[in-house]
Amino acid sequence: MTEKMLSLIIPVYFEEEVLLESFRRMDAAMQATGHPYEIIYVNDGSRDGTMKELRQLAKEHPDTVKVYSFSRNFGHQLAVTCGMDHAKGDALIIIDVDLQDPPELIPKMVELWKNGADIVYGKRLKRKGETVFKKLTAKLYYRILSSMSAYPIPLDTGDFRLLDRKVADVFLKMREQARFLRGMSAWMGFEAVPIEYVREERAAGKTKYTLKKMIKLALDGIFNFSSKPLELPFGFGVALGILGVFGLIAMIVLTAIFGTGCPQWLWAVVGGVLLHALTLCCIGVHGMYLGRMYDELKDRPLYIVAESLNTDKD
Ligand code: UDP
Ligand code: MG
């Protein structure tokens with residue numbers, strides 16, 4: 001049997017300060033696995049010295065280092081996607097360049113993979129060196145996300161993970177534009193094993209995930225994995241409608257049986273409530289159609305077979 005190969009995928013954006021130190025540790029970690037490997041850097045439109053350093057690394061390590069450089073900044077998720085598109089390994093490992101996710105965990109992830117895990121994902125026990133705002137919003141966000149999503153998305157995980165080739169192949173079939181990799185990974189299922197770690201401080205430089213990028217990713221996470229926001233008006237409409245109907249019945253009973261007439265304006269208010277309820281329900285129905293159209297547009301695989309037995313005899 002030929003030896004299994006590993007692909008390490010690293011997105012980089014304005015990282016000249018950390019790149020070389022990062023390569024040293026990543027390369028050592030990959031060597032420690034004992035498997036042949038490739039390290040794929042995707043330069044996401046950096047305009048600093050990043051590309052110069054990558055050219056140097058590619059020259060010094062022609063067999064292991066591969067570089068793809070974007071024409072502009074397309075964003076972290078697309079940089080990772082490009083790396084996955086070109087990876088040749090039997091397992092793909094995705095890691096940030098800034099050493100916040102310790103590369104020294106890679107050999108352990110590979111062990112878990114060899115023991116049968118299809119996905120090994122990093123679970124953050126603690127986050128060092130990040131602002132209280134970032135920690136708090138991240139914590140809150142992961143909880144909102146998992147309550148909205150129809151599939152369980154593991155809490156407190158990022159994109160630091162190992163994917164078996166069969167999982168990566170499914171990813172390659174999912175060509176949706178707005179990508180939220182950790183959610184797509186959860187949607188696919190498969191045998192996922194967590195590996196716990198403390199998220200370190202950035203080795204150098206500042207975060208490249210601006211607030212704007214973080215908000216976009218957060219919204220992609222929610223809207224890509226749930227049509228619930230689109231259906232929300234329907235729920236409101238039904239609740240308001242029930243309220244209106246009860247009001248109407250109460251008023252009819254008061255007028256017809258007890259003869260205590262209700263003021264004109266109250267009839268108008270209840271009529272208004274019922275009309276609003278109807279409008280909200282109609283908007284909600286539109287939302288349900290839209291949600292279904294969105295699902296069709298994404299054109300994801302209908303199902304994913306993880307294993308099949310005796311099927312090649314057919
Ligand atoms: N990154 C990228 N494109 C971007 C922003 C970030 O490729 O538009 C890369 C960045 O170089 C790093 C990883 O994505 O390798 C995570 O970014 P960062 O460390 O700045 O995010 P944080 O850890 O602060 O959330
Ligand atoms: Mg980081």
remark   = Expected unfolding gain across residue 204-residue 262 under the 0.36 nm per residue rule, minus the alpha-carbon gap, is 13.7 nm
request  = Could you work out how far the C-alpha centroid of region 269-314 sits from that of region 225-259, in angstrom?
outcome  = 25
request  = Read phi for every residue in region 200-205 and hand back ³J(HN,Hα) as whole Hz from Karplus 6.51 cos²θ - 1.76 cosθ + 1.60, θ = phi - 60°, with x for Gly and Pro.
outcome  = 6, 6, 4, 5, 6, x
task = Along each of the three principal axes of the Cα atoms of region 11-136, give the extent in whole Å, ordering the values from largest to smallest.
result = 42, 40, 25
ask   = Per residue and in cubic angstrom, what volume does the convex hull of the Cα atoms of region 130-204 have?
value = 135
inquiry  = Assuming 0.36 nm per residue, please report the length gained on full extension of the stretch residue 212 to residue 290 beyond their Cα-Cα distance.
reply    = 25.5 nm
Per-selection Rg to Rh, region 179-309 - Cα, Kirkwood hydrodynamic radius = 1.25
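Could you pull out every whole DSSP H run in the chain that spans at least 18 Å of Cα extent along its own axis and averages 1.0 or higher on the Kyte-Doolittle scale?
For the chain, where a helix must reach 18 Å along its axis and average at least 1.0, the hits are 228-256.
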request  = Please give, to one decimal in nm, the separation of the simple spin-label points placed at residue 111 and residue 28, each 7 Å out from Cα toward the Cβ.
outcome  = 1.8
query = Taking a probe of 1.4 angstrom, what is the accessible area of residue 23 in Å², to the nearest 10?
reply = 20
query = Using 7 Å Cα-to-Cβ label points, what is the residue 61/residue 150 separation (nm, one decimal)?
reply = 4.2
query = Considering only protein heavy atoms, what per residue accessible area in square angstrom results for the chain with a 1.4 angstrom probe?
reply = 55
task = Mind listing the long-range amide H neighbours of residue 9? Cut-off is under 5 Å, sequence gap 5 or more, other chains count too, H placed in the peptide plane at 1.01 Å from N.
result = 40, 93, 94, 95
remark   = Packing-ranked peptide list from 209-222, 259-272, highest mean Cβ count within 10 angstrom first, is 209-222, 259-272
request  = Provide the solvent-accessible area of residue 190, counting protein heavy atoms only and rolling a 1.4 Å probe, rounded to the nearest 10 Å².
outcome  = 50
note = Net charge (Lys, Arg +1; Asp, Glu -1) of residues whose beta-carbon lies under 12 Å from that of residue 297, residue 297 excluded, is 0
inquiry  = With a 1.4 Å probe and all protein chains left in place, how much of the accessible area of region 195-314 comes from carbon and sulfur atoms, in whole percent?
reply    = 71
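Calculate the tail of P(r) for the chain: the fraction of all Cα-Cα distances greater than 34 Å, expressed in %.
The proportion of pairs with Cα distances above 34 Å equals 36 percent.
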remark   = Violations at 29 Å Cα threshold for listed pairs 4/135; 114/298; 52/206; 139/173 -> 4/135; 114/298; 139/173
key: Nearest-10 value in Å² for the accessible area of residue 114, using the 1.4 Å probe   = 100
query = Taking the Cα-to-Cβ direction at residue 243 and at residue 299 and moving 7 Å from each Cα, how far apart do the two end points lie in nm?
reply = 4.4
message = Taking 35 Å as R0, compute the FRET efficiency from the Cβ-Cβ separation of residue 125 and residue 228 and round it to 0.05.
response = 0.70
task = Express in whole angstrom the spacing between the alpha-carbon centres of region 31-85 and region 106-125.
result = 22
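Using a Förster distance of 41 angstrom, determine the FRET efficiency expected from the C-beta separation of residue 276 and residue 143, and round it to 0.05.
Efficiency at R0 = 41 Å is approximately 0.85.
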ask   = What are the residues whose amide H is under 5 Å from the amide H of residue 65, where those residues sit 5 or more places off or on another chain and H is modelled from the backbone?
value = 39
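The values are calculated or read from the model by the stated rules, or taken from the named source; none is laboratory data. Remember, it's a predicted structure, so these values are computed and weren't measured experimentally. A quick note on method: Cβ atoms are made from the backbone with ideal geometry, for glycine too, and the neighbour counts reach across all protein chains shown. These accessible areas exclude ligands, DNA and RNA; they are computed on the full protein's heavy atoms, side chains included. Shrake-Rupley method; radii C 1.70, N 1.55, O 1.52, S 1.80 Å.
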